[in-house]
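Heads up: the structure comes next, in structure tokens.
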Amino acid sequence: MNDIVQLLVEPLQFGFMQRALLVSLVAGLVCAVLSCWITLIGWSLLGDAVSHAVLPGVVLAYVLALPFSLGAFLFGSLAVGLIAGVRSTTRLKGDAAIGVVFTGLFALGLVLVSRIPSQVDLNHILFGNVLGVTDSDILQVLVIAAVVLAVALLKRRDLTLYAFDPTHAHAIGLNPRRISALLLTMLALTVVVALQAVGVILVTAMLITPGATAFLLTKRVPRMLAVAAALSVCSSVLGTYLSFHLDTSTGGMIVVCQAVVFALVHLAAPEQGLLARAARRRAGERAAVRA
């Protein structure tokens, strides 16, 4: 028992671990809430695009000594605008437009990094640097997270209706374009928060995995939001602790924990799990044999 307490208390003796736990927890919570609507609408690829497209903005922000969150948000918004522009002015489908834009912007970011290697740490941008966050970074994360969560709380009914039936949302007086724009803005802001914890490459996992996992466990949106938030926060805290004791990448360990939880749910979920489906299939076969 004492050993377990020691494992839990030891990381908290260090200031950098206290800050890392706080940022990881907040990032996990915000990403989980937004991931539910991303999963329901089918915007997983768009979340991937925005998370990668912010790289040049982050690099330029570092070079110009500006808050990295400003550069990330601007280029995230730019990516959304470019995708919409390509879709509206060509015959390309959405996935093609997304692929072209996000790979182009991500490549631009890599080029910028290669030109200014002495001023930008590529590993910190790509994989996060949650152990090195400063008080100003934490303040940015908390403010942005509070804004996103407040908007999600106030607009949860509109967002849910838009996710299930945009046509009905329009029929009752809601503007689907405005709701879509609002959700995309929230997505860009959420990417900014998650960048601190896991970096550009792994943000996608935090934006998709919690919602996908909760979707396998429940069909009710309020419960889905609660389950996704609980699983994501627990994975963030557990991943941060494991990274300390095992001396591994914090962002990578957080995402590994989320992936393990998803695998377990996919296997053992009461209704949609592989084991439950196999049991129903066997029961159906036995019933057919008896008939």
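The values are calculated or read from the model by the stated rules, or taken from the named source; none is laboratory data. Remember, it's a predicted structure, so these values are computed and weren't measured experimentally. Glycine gets a Cβ as well: all are built from the backbone with ideal geometry, and neighbour counts include every protein chain shown. SASA here: full protein model, heavy atoms, side chains in, ligands and nucleic acids out. Shrake-Rupley method; radii C 1.70, N 1.55, O 1.52, S 1.80 Å.
Give me the percent relative contact order of region 53-152, please, defined on Cα pairs under 8 angstrom at least 6 residues apart.
Reported as a whole number, the value is 30 percent.
Kindly provide the pair-distance distribution of the chain built from C-alpha pairs, with 10 Å bins from 0 and whole-percent values in order of increasing distance.
6, 26, 32, 22, 9, 3, 1, 0
Compute the relative contact order of the chain as a whole-number percentage, counting only Cα pairs closer than 8 Å that sit 6 or more residues apart in sequence.
Working: 415 pairs, mean separation 81.6, N = 291.
Result for the chain is 28 percent.
For a test of the definition: using alpha carbon positions, the gyration tensor, and the 1.5 limit on a/c, classify region 159-224 as rounded, prolate or oblate. Walk me through the numbers on the way to the answer.
On the way: a/c = 3.60, a/b = 1.45, b/c = 2.48.
In terms of gyration-tensor shape, oblate.
Which percent of the accessible heavy-atom area of the chain goes to carbon and sulfur, probe 1.4 angstrom?
On the way: 9720 of 14750 Å².
It is 66 percent, rounded to a whole number.
For every helix of n ≥ 4 consecutive DSSP H residues, a contribution of -39,500 (n - 2.57) applies; sum these over the chain, divide by its total residues, and give [θ] at 222 nm rounded to the nearest 500 deg cm²/dmol. It would help to have the intermediate numbers written out before the result.
Working: 14 runs with 243 residues, N = 291.
One gets -28000 deg cm²/dmol as the mean residue ellipticity at 222 nm.
Please give the per residue accessible area of region 1-289, computed with a probe of 1.4 Å over protein heavy atoms only, in Å².
Working: 14450 Å² over 289 residues.
Using a 1.4 Å probe on heavy atoms only, each residue of region 1-289 averages 50 Å².
Show me the ranking of peptides 37-45, 202-210, 129-137 by mean Cβ neighbours inside 10 Å, starting with the highest.
Numbers: 37-45: 18.8, 202-210: 26.2, 129-137: 15.9.
Highest mean packing first, the order is 202-210, 37-45, 129-137.
Any chance you could look up the accessible area of Arg223 with a 1.4 Å probe, heavy atoms only, rounded to 10 Å²?
130
Please list Arg115, Arg156 in order of solvent-accessible area, largest first, computed with a 1.4 Å probe with all protein chains present.
Descending order: Arg115, Arg156.
Packing-wise, with mean Cβ within 10 Å as the measure, how do 259-272, 19-32, 180-193 rank, highest first?
Working: 259-272: 14.4, 19-32: 25.4, 180-193: 22.5.
Order by mean packing, descending: 19-32, 180-193, 259-272.
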